[in-house]
Amino acid sequence: MSNVGTWRQLLHWGPIVALSVIFYISIATINCTLMWWPVTSFGGAVNFIIFLTWITLTLYNYFQAAWKGPGFVPLGWMPNKPEARKCLQFCEACAGFKSPRSHHCRKCDRCVMKMDHHCPWINTCCGHFNHANFVWFLLFAPCGCVHAVFILIPSIYRALNFHYYYFYHQDEPLVQLDIFEFILTMFGIGLAIGVVIAVGMLFYLQMKSILKNETGIESWIIDKAEDRLREPEEGDFVYPYNLGYRRNFKEVFTWTGKPLSDGFTWNIVNGCDQYTLTIEQIKQKGEKRERTVQYVIMEGYSGYLFPFTKGLKVSCCIPCTDEPRISVKPGNKVWVTRWKRHWLYGTRLLTAEEKLVGTSKPRARGWFPRRCAKEVIDDNMNDKKAS
């Protein structure tokens, strides 16, 4: 993603919404704080400084996570040792090999080092180099919102009981909110509570993964490995990066702010090597290719999210995922790897005309309506699986 590390990265709905929520809660809280607990008192000054600290730490780690980026594998990257190439996956989009623990992100259109997930709120991936800042952001944002809730709720109470405090507690500061300010403050309370619940839960999940030295993608790979290796002759799968929760924690959180690994070589447990997980991925993809079935497209589909022309059931039963939809035309051939009642997921191969014209994308992968395709019943054809 060429915009990572520049102000253009913020011109996206994710950062705009995230920063708007942060500033909205901050402004609403500061407005109430200055009325309820003025900074002219010692306690008010301490309270105000603490809240500003939460805001500063939240914004600092947010921008660090966004602009630092996860770390991308260089385009066309190849390992120094030629014999290592057979243990690594090749990325056609990046025209290079994937380093261990890296995955290709279709949103960033790059191979990401130790990719956990693509986060729309920072408009880039959460990965190797920005993982610590991202998790710190997930911690400080709820802390600031908890502080905000303890300011905003009493402020609403005092505003509703303004006359009582005016006549019987004249020595205490008054909180005055007009109807517009009252509505905005109530909305701020709702936002703050929502952030505490949603972001706090994400912080818990991220810390749980860090203490196991796993990413979200790797957890999925481990589950598939355990299912695949249930047969006795296959043996047990050993995850190579789980070094114990203390060492796992230190792999991400360091005093320098830089993770221990360079993104290409990793600390591993005894009995494993740098390619243990990658080799398991290759085996899983090999089994996936064996389950692949070829379909031929009989009816065109534009790739729209709600294809009403394909029927009400197809439009109402779209896959609950952020994976893309692909456009298909009659005569296209698609290798299908996943099936739903009304949708199929597969890889559309280039036609002869597209190959002659040339394109930067060797294939298109995504969902399309099942009614558009027909399975090819041909043993010779299905023996040849998509690469």
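Please go through the range 85-96 and pick out each residue that is farther than 18 Å from Gln274 by Cα and surrounded by fewer than 17 Cβ atoms within 10 Å (Cβ to Cβ). Glu92, Ala93, Ala95, listed by residue number. Restricted to the range 216-320, the set of helices (runs of 4 or more DSSP H) holding at least 2 residues that are of a type in the set (Phe, Trp, Tyr) comprises 245-252. Taking the numbered list (1) under 30 Å from Cys119 (Cβ atoms); (2) at pLDDT 90 or above; (3) part of a loop (DSSP other than H, G, I, E, B) in turn, Gly331 passes all entries but (1). Could we say that Thr256 is modelled with pLDDT of 90 or more and either surrounded by fewer than 18 Cβ atoms within 10 Å (Cβ to Cβ) or not assigned by TED's automatic domain parsing to the domain that holds His118 (or both) here? Against the criterion (modelled with pLDDT of 90 or more and either surrounded by fewer than 18 Cβ atoms within 10 Å (Cβ to Cβ) or not assigned by TED's automatic domain parsing to the domain that holds His118 (or both)), Thr256 qualifies.
Looking at Ser41, Ser99, can you tell me which residue is buried (at least 18 other Cβ atoms within 10 Å of the Cβ) and of a type in the set (Ser, Thr, Tyr)? Every option except Ser99 fails the conditions.
Does Ala28 fit the bill of being in contact with a strand residue (DSSP E or B) (Cβ under 7 Å, 6 or more places away or on another chain), touching a residue at least 40 places away in the same chain (Cβ under 8 Å), assigned to a helix (DSSP H, G or I) and at negative phi? Give the steps one after another, and end with the answer.
Numbers: in contact with a strand residue (DSSP E or B) (Cβ under 7 Å, 6 or more places away or on another chain): no; touching a residue at least 40 places away in the same chain (Cβ under 8 Å): yes; assigned to a helix (DSSP H, G or I): yes; at negative phi: yes.
No; evaluated as a whole, the condition is false for this residue.
Just wondering, is there one or more residues in the range 186-205 that are assigned to a helix (DSSP H, G or I), at pLDDT below 95 and either over 21 Å from the mean Cα position of the chain (by Cα) or more than 30 Å from Arg158 (Cβ to Cβ) (or both)?
The first filter runs over the range 186-205 and keeps only residues assigned to a helix (DSSP H, G or I), leaving 186-205.
Those still in the list that are at pLDDT below 95 too: none.
No - not one qualifying residue is present in the range 186-205.
Got at least one residue in the range 375-384 being within 24 Å of Gly96 (Cα to Cα) and modelled with pLDDT under 90? Checking the range 375-384: not a single residue is within 24 Å of Gly96 (Cα to Cα) and modelled with pLDDT under 90. Taking residues in the range 275-295 that are in contact (Cβ under 8 Å) with a residue 60 or more places away in the chain, and partners anywhere that are among the acidic types (Asp, Glu) and loosely packed, with under 14 Cβ neighbours inside 10 Å, the pairs with Cβ atoms closer than 7 Å and at least 6 places apart or on different chains are Val293/Glu375; Tyr295/Glu375.
The values are calculated or read from the model by the stated rules, or taken from the named source; none is laboratory data. Everything numeric here is computed off the predicted structure, so don't read it as measured data. Glycine also receives a Cβ, built like all others from the backbone with ideal geometry; neighbour counts cover every protein chain displayed.
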